[in-house]
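The values are calculated or read from the model by the stated rules, or taken from the named source; none is laboratory data. Please read these numbers as outputs of a predicted model, since none were measured by experiment. FYI the Cβ positions are ideal-geometry reconstructions off the backbone, even for glycines, and counts take in every protein chain you see.
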């Protein structure tokens, strides 16, 4: 049984059995607590990992090798993906807090709906080039932060989010001064990351950043 506040100690809670040949002993310890938990969105995404893997690989190849030549297209995708991801994450978070389960059909409807809503937002980001580059740069900085926290195995949630958000802000500020260099760096970095992350979904046994 889980007790996060018990420290390194444990308590024996007795036996729970109806069969003398199948004895179950109950203990309470912090070792009985979950290290991490899968929410409904995580489970849904993992179920269709082969689709997301293909999408990440195709998107990664485009960004890594052609991103700087098609900046407008990249800005459109950045605005669209950012809006779509934010909407989906917030919606599933609210559903989880409300303890409401959703079917596969409902999950697909939520994802598709935010995909449609994100299209005009992506177009607006493409037209507002300066702000679009800033969003792209922040996204690239966040990806850098995720890579750093994964590499360094950061335990503290506060330090984890400080690194992720801090990298996003720093790269975004740098983009205000050196747009071309940052665009090249962000598109190549995000593209390379997407390719390898997409491949990992087929290879398997690579835990998500959140789980780590």
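So that you can scan it fast, the table gives a plain yes or no per residue for (1) crowded, with 18+ Cβ neighbours inside 10 Å; (2) at pLDDT below 85:
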| residue | (1), (2) |
| --- | --- |
| 116 | no, no |
| 125 | yes, yes |
| 202 | no, no |
| 209 | no, yes |
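Suppose we filter 17, 83 for residues that are touching a strand residue (DSSP E or B) at 6+ places or on another chain (Cβ under 9 Å) and either modelled with pLDDT under 85 or within 30 Å of residue 183 (Cβ to Cβ) (or both); which single one remains?
Testing whether each residue is touching a strand residue (DSSP E or B) at 6+ places or on another chain (Cβ under 9 Å) and either modelled with pLDDT under 85 or within 30 Å of residue 183 (Cβ to Cβ) (or both) leaves just 17.
Quick one: residue 102 ticks every box in (1) without any contact (Cβ under 8 Å) to a residue 60 or more places away in the chain; (2) more than 22 Å from residue 53 (Cβ to Cβ) bar one, so which box is it?
Against the list (1) without any contact (Cβ under 8 Å) to a residue 60 or more places away in the chain; (2) more than 22 Å from residue 53 (Cβ to Cβ), residue 102 comes up short only on (1).
Residues are listed down the side, and each one gets a yes or a no for (1) under 18 Å from residue 122 (Cα atoms); (2) assigned by TED's automatic domain parsing to the domain that holds residue 198:
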{"site": "30", "(1), (2)": "no, no"}
{"site": "52", "(1), (2)": "no, yes"}
{"site": "65", "(1), (2)": "no, yes"}
{"site": "71", "(1), (2)": "yes, yes"}
{"site": "78", "(1), (2)": "yes, yes"}
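Out of all the residues in the stretch 143-157, is one or more under 17 Å from the mean Cα position of the chain (by Cα), touching a residue at least 60 places away in the same chain (Cβ under 8 Å), under 12 Å from residue 79 (Cα atoms) and in a helix (DSSP H, G or I)?
no
Hey, among 41, 56, which residue is assigned to a helix (DSSP H, G or I), at pLDDT below 90 and in contact with a helix residue (DSSP H, G or I) (Cβ under 8 Å, 6 or more places away or on another chain)?
41
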